[in-house]
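Trainee: Got a structure for you, questions after.
Laboratory data are not the source of any read-out in this text; all were calculated from the coordinates shown. Quantities reported herein were computed from a predicted structural model and do not represent experimental measurements. So basically every Cβ, Gly included, is an ideal-geometry build from the backbone, and we count neighbours across all protein chains shown.
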């Protein structure tokens, strides 16, 4: 598909001035094809993903289309989410900056009707909104579609997925039959085609191919990583690449909340975005991310619709998306405006089949990355520190600081010792990871050189994985006891490692060593033969007793029963919370060990 300069298109000066001020000169493929088609007055179907520039593809013709002397609503744009409606409104407002007298308003749920009433009453020519709120205003007669001459559906597939079909069809019937109808969708499902047949007249179809969808400005890498080690790998990549602004995608709301809590605990400025947040909270989170106060935004796919923040260094696919089309939506939020972006994808052995499907869908072979080792992290840290020192070295002397150095030298300290101490103070304390380098990767073959995604025995994991020494975030000793390495059920960086004395080899289970000070040892009626792992125990107790997984201490596993240590203050909560509950779908009895 041809790429043109905006100056090559039949655009008014006010559009060209706005585009230039926004820093754009060349069109994207969807813009080059769609802008002339929409400006011709034809009905158009555009198939394009997020990040391809589709807002300008329909926004520029909409602005050109408006007669500013007419104060009635002439263009209606429907979007699936509040975030996308706001984003489209802001983008169109920027493009319309130099067209005097043009007003743009966004209407969506979660905001007071009074403000929207006032904006509509002013005489807004372009209205951007969600289907539900548009219908509310139509019913209240505060939005009239009598003079609508252009109606645009943005991300129509997502609107249908969210159950807006009835509202969409009703809204379309309110608009004049002579209107121009423009539809943009990432996919062309049967439902989408039914709408186009019913409400469009001989539409021109414009399609961005998958090769064009995959952004060449994005460096994509996947990592084979154990599920419980994802957080550790992510923070290593953040630190190694010195990433400043990031989007992290998870498949569930609960994982978003957990990951945000874990990132904040490690000192990262992180916020979460998902469907349970009220509109005021969502706006606050997005504003903090846009102005740079929040460095890491963790979101679900639906909640992230419409996020368009420039300068995003990287996108982390913490979970492989349930719908492969979402992958392109996700990574399209980095590498924009000609800037280089990064996309990291975490894949467990269980995900390998879907990883193959993803590469087939995008028609791109994504290279496997090497997980940074502790040595890599230390080297990267030293390089950054050296660069920082060099940047602060000047030829100008500072008598105050030199006097301090002279004082220390007079007291018998050598210059190199003074400098070492200062560098150590500047570098700070290194956070120790309780994961060994060999405990992070989920690639038992040590890389992809032997086989791209595993051989004939790679069918959902290692048959003997439950018998290995390392078992989901812990380390098993020869007598079956287990030292936890942090709250690995939550995916966070491990915080705790027991240092209690070990039971002698050959000792009986009843000869248990006393619990750590402040901890109480509990007996659990399930063991290894019940297909229960330490990870299952931690997850069940943390969930049912509502205590942080990281406070749970040593776990000793036997064939038919187990022992776990919990803080003395939480004993009642654990016993009461686990009463009648199960661990890995097996009923468990838990009591203070005798």
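Trainee: Between residue 178 and residue 340, what is the spin-label point distance in nm, taking each point 7 Å from the Cα along the Cα→C-beta axis?
Mentor: Label at residue 178, label at residue 340, 5.5 nm between them.
Trainee: Something else about it: What order, most packed first, do the peptides 548-560, 357-369 have when packing is the mean number of other Cβ atoms within 10 Å of each residue?
Mentor: Taking the mean over residues of other Cβ atoms within 10 Å, the ranking is 548-560, 357-369.
Trainee: How far apart, in nm, are two points set 7 Å out from the Cα along the Cα-to-Cβ line at residue 401 and at residue 193?
Mentor: Here the answer is 7.0 nm between the modelled labels.
Trainee: For Cα pairs less than 8 Å apart in space and 6+ apart in sequence, what is the mean separation divided by the residue count of segment 34-161, i.e. the relative contact order in percent?
Mentor: The value is 32 percent.
Trainee: Oh, and also: Let me make sure I get this right: for segment 214-362, a, b and c are the square roots of the gyration tensor eigenvalues over alpha carbons, sorted descending. Under 1.5 in a/c it's rounded, otherwise prolate if a/b > b/c, else oblate. Which is it?
Mentor: rounded
Trainee: Arrange the peptides 518-527, 582-591, 232-241 so that the one whose residues have, on average, the most other Cβ atoms within 10 Å appears first.
Mentor: With the highest mean Cβ count within 10 Å placed first, the list reads 232-241, 518-527, 582-591.
Trainee: Separate question: For segment 104-181, what does the relative contact order come out to in percent, with C-alpha contacts under 8 Å and a separation of six or more?
Mentor: With pairs under 8 Å counted, the relative contact order is 32 percent.
Trainee: Report, in whole Å, the centroid distance computed from the Cα atoms of segment 258-323 and segment 7-30.
Mentor: After rounding, the separation between the Cα centres reads 31 Å.
Trainee: Using 0.36 nm per residue, how much length does the chain from residue 217 to residue 67 gain when fully extended, once their Cα-Cα distance is taken away?
Mentor: Working it through step by step, the gained length comes to 50.2 nm.
Trainee: Quick one: grab the alpha carbon gyration tensor of segment 92-247, order the square roots of its eigenvalues as a ≥ b ≥ c, and give me rounded if a/c is under 1.5, else prolate or oblate depending on whether a/b is larger than b/c.
Mentor: Cα axes put segment 92-247 in the prolate bin.
Trainee: With 10 angstrom as the radius, rank 159, 425 by how many other C-beta atoms surround their C-beta, starting from the fewest.
Mentor: Lowest to highest Cβ neighbour count: 425, 159.
Trainee: A follow-up question, please. By its C-alpha gyration tensor, with a ≥ b ≥ c as the square roots of the eigenvalues, how is segment 374-427 shaped: rounded for a/c under 1.5, else prolate for a/b larger than b/c, else oblate?
Mentor: Oblate is the answer for segment 374-427, as a/c is 1.5 or above yet b/c matches or exceeds a/b.
Trainee: Can you tell me the length gained on complete extension of the stretch residue 357 to residue 112, counting 0.36 nm per residue apart and subtracting the Cα distance?
Mentor: Net length gain for the segment: 83.8 nm.
Trainee: A further question follows. Please work out the C-alpha center-to-center distance from segment 548-584 to segment 126-188 and express it in whole Å.
Mentor: Each part reduced to its Cα centre gives a spacing of 54 Å.
Trainee: Which length gain, in nm to one decimal place, applies between residue 376 and residue 408 when the Cα-Cα distance is subtracted from 0.36 nm times their residue separation?
Mentor: 8.1 nm
Trainee: Under the definition of Cα pairs under 8 Å and six or more residues apart, what whole-number percent is the relative contact order of segment 214-362?
Mentor: So the answer I get is 36 percent.
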